[in-house]
Every structure is written in C-alpha cells, then in structure tokens.
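The values are calculated or read from the model by the stated rules, or taken from the named source; none is laboratory data. In this text, all values refer to a predicted model and were calculated from it rather than measured experimentally. We place every Cβ from the backbone using ideal geometry, glycine too, and count neighbours over all the protein chains shown.
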Amino acid sequence: MKIEILSPSYNRPDTAKTQELVPGCRYVVHQFEKRSYEKAGKDVIAIPNKLQGNIARVRNWILDHFNPVLMLDDDIKRISRWNEQKKVSLTGDAISEFIEQGFYLAKEYGARLWGLNLLTDKAAYREYTPFAFRSIVLGPWHGHIDNECRFDEALTLKEDYDMSLQVLNRYRRTLRFNAYHYECDHFNVEGGCAGYRTMARERDQFEALQKKWGSDIIRIDHQGGQVNQGKATQWDLNPIVRVPINGV
C-alpha cells in the first residue's frame with residue numbers, strides 16, 4: 001500500500017514544521033507560493049491558484065488525486081502516545097511505522113477515515129478503550145482510505161467535523177487511536193486559516209454546521225471555557241458532537 005502524506009499549507013514557507021517531524025510529508029501549496037516554499041527548503045506539490053481561499057476545496061483536490069492519503073496540518077510540533085502514565089514522543093521511523101499500522105487497521109476494520117485523539121490530557125485516555133469507532137476525527141490528522149465522501153466547501157472552518165459526520169453517516173464508523181495524540185501550534189503561527197478565522201465567522205460556521213446536522217447532534221460547549229484573541233476574550237465555539245450510533 002503506497003501512502004501519500006500531504007499537508008495543505010498557505011503563507012507559511014518559513015514556519016511550517018510538520019515536514020520536519022513526519023518522514024515523507026510534502027506540503028500542498030498554491031502555484032504562486034511554490035518558489036517561496038522551495039526556497040525555504042520545503043518539499044512541495046503545487047496546486048492550481050484557483051483553489052485558493054477555501055481549505056475544503058484544497059482537501060477535496062487532494063482526495064480526488066490521492067488514495068490512500070494522510071492529510072496533516074502544517075503546524076504539528078509533536079506526536080505522542082501514553083504508555084501507562086508516561087507520555088512518549090514519536091520520531092522518525094516510529095512515526096512512519098505507526099502511519100502504516102494506522103492504515104492497515106483502518107482497512108481491516110472497514111474505516112474510511114482514521115485519526116488520533118485531539119486531547120493531550122491523560123484523563124482523556126482510558127486504557128481499556130484503546131480505539132474509538134464513532135468519534136469525530138479532526139483535521140490535523142486525517143487518514144483517508146477509499147473514502148467517497150467529500151468536504152463541504154461551505155464549511156471552511158468546520159469542514160473536518162462535517163467530514164467525520166459524513167463518514168459516520170455513510171459508513172457507520174471511524175477509527176481513532178485514543179492513546180495517540182498530536183500537538184499543534186495553531187495560535188502562535190500566522191498564515192493558514194488564521195488569515196480568515198474570526199469569532200464572527202466561527203459562530204456563523206458553527207450555526208451552519210448545526211443547521212446541517214441538527215441541534216441533537218451539534219451542540220455548543222457552554223462549559224468549554226474562553227479563548228483569547230489579542231486583547232478580546234471570546235467563547236470557544238468548537239461544538240460538542242453527539243453521534244447517534246451505538247458503540248465506543
């Protein structure tokens with residue numbers, strides 16, 4: 001099985017870091033940025049400039065051209081797993097072996113989308129539940145195999161939530177490795193989706209996602225705490241997702 005490892009990137013030729021961590025990863029950039037990324041020593045695939053401005057459209061281009069494919073955010077700084085009470089970071093060959101294992105198990109289990117735990121806290125991992133089969137898999141780590149679903153291009157800030165729900169609705173399962181998690185640098189690196197991510201747009205996107213799937217499935221996290229954007233303090237609009245499928 002030949003696995004492509006691709007990371008959509010925009011306006012981060014000097015700060016994109018995933019390629020330094022994950023062997024074989026290539027950045028997917030628009031044609032007009034190809035030279036600046038290559039000048040910074042990055043390995044890239046250039047895509048048409050007309051795809052600019054919509055991450056879901058870029059992701060769909062990747063799905064249309066590569067299978068199986070692991071899509072990664074370009075600001076992943078660490079991949080770790082829990083070994084009893086200790087956090088163990090993966091590097092080099094260990095990451096490559098884990099990716100191969102992930103796709104192998106996804107194929108064996110009939111999961112068209114697989115990923116990692118989005119939470120780094122040990123409390124979020126239960127040793128007796130090493131895998132989850134009805135959980136949301138978020139965009140920083142998206143493994144696709146024979147997936148006929150496509151990202152909703154109207155949901156440019158919640159496209160990963162929507163994709164997980166599409167896959168769960170159509171194929172009845174995802175695969176998430178609960179002991180493994182990623183750590184990204186979303187709030188400290190300019191470029192990418194940060195260029196158009198505002199609280200107003202986040203709220204609009206949340207409401208659009210909720211309208212599409214219903215308020216029984218998509219709920220706001222009133223206990224989720226606050227996030228700071230500059231001097232302003234706003235509420236976190238990442239949704240709580242209740243998937244109406246039995247199982248773990």
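Quick look at the numbers
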{"item": "Residue within segment 81-88 that is loosely packed, with under 13 Cβ neighbours inside 10 Å and part of a helix (DSSP H, G or I) present", "result": "no"}
{"item": "So T174, is it surrounded by 13 or more Cβ atoms within 10 Å (Cβ to Cβ), out of contact with any strand residue (DSSP E or B) (no Cβ under 9 Å at 6 or more places or on another chain), outside the structural domain of K212 (by TED's automatic domain parsing) and not aliphatic (A, V, I, L, M)", "result": "no"}
{"item": "Selection from segment 123-178 of residues that are basic (K, R) and closer than 13 Å to R59 by Cβ", "result": "R150, K158"}
{"item": "Residue match in segment 88-100 (condition: small (G, A, S) and closer than 24 Å to K158 by Cα)", "result": "no"}
{"item": "Residue pairs meeting the criteria (Cβ under 8 Å; at least 6 apart or on separate chains; first free of Cβ contacts under 8 Å to residues at least 60 places away in the same chain, in segment 1-26; second among the hydrophobic types (A, V, I, L, M, F, W, C) and outside any strand (DSSP E or B))", "result": "P13/A40; D14/A40"}
{"item": "Flag if G41 is over 28 Å from E148 (Cα atoms), part of a loop (DSSP other than H, G, I, E, B) and of a type in the set (G, A, S)", "result": "yes"}
{"item": "Test for G224: is it at pLDDT below 95 and surrounded by 12 or more Cβ atoms within 10 Å (Cβ to Cβ)", "result": "yes"}
{"item": "Residues located in segment 198-217, provided they are touching a residue at least 40 places away in the same chain (Cβ under 8 Å) and of a type outside the set (F, W, Y)", "result": "R201, E202, Q205, A208, L209, K212, I217"}
{"item": "Options V58, V44; residue that is over 21 Å from S164 (Cα atoms), buried (at least 21 other Cβ atoms within 10 Å of the Cβ) and either out of contact with any Leu (no Cβ under 8 Å at 6 or more places or on another chain) or among the β-branched types (V, I, T) (or both)", "result": "V44"}
{"item": "Segment 89-111: number of residues that are within 19 Å of D73 (Cα to Cα), surrounded by 13 or more Cβ atoms within 10 Å (Cβ to Cβ) and in contact with a helix residue (DSSP H, G or I) (Cβ under 8 Å, 6 or more places away or on another chain)", "result": "2"}
{"item": "Options E159, E127, E148: the member that is under 12 Å from the mean Cα position of the chain (by Cα) and of a type outside the set (S, T, Y)", "result": "E159"}
{"item": "Answer from K77, K34, K42 - the residue that is of a type in the set (K, R) and over 22 Å from the mean Cα position of the chain (by Cα)", "result": "K34"}
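Residues are listed down the side, and each one gets a yes or a no for (1) part of a loop (DSSP other than H, G, I, E, B); (2) outside the structural domain of K77 (by TED's automatic domain parsing); (3) in contact (Cβ under 8 Å) with a residue 60 or more places away in the chain:
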{"position": "Q101", "(1), (2), (3)": "no, no, no"}
{"position": "W114", "(1), (2), (3)": "no, no, yes"}
{"position": "A123", "(1), (2), (3)": "no, no, no"}
{"position": "T129", "(1), (2), (3)": "yes, no, yes"}
{"position": "V137", "(1), (2), (3)": "yes, no, no"}
{"position": "D160", "(1), (2), (3)": "no, no, no"}
{"position": "N169", "(1), (2), (3)": "no, no, no"}
{"position": "N178", "(1), (2), (3)": "no, no, yes"}
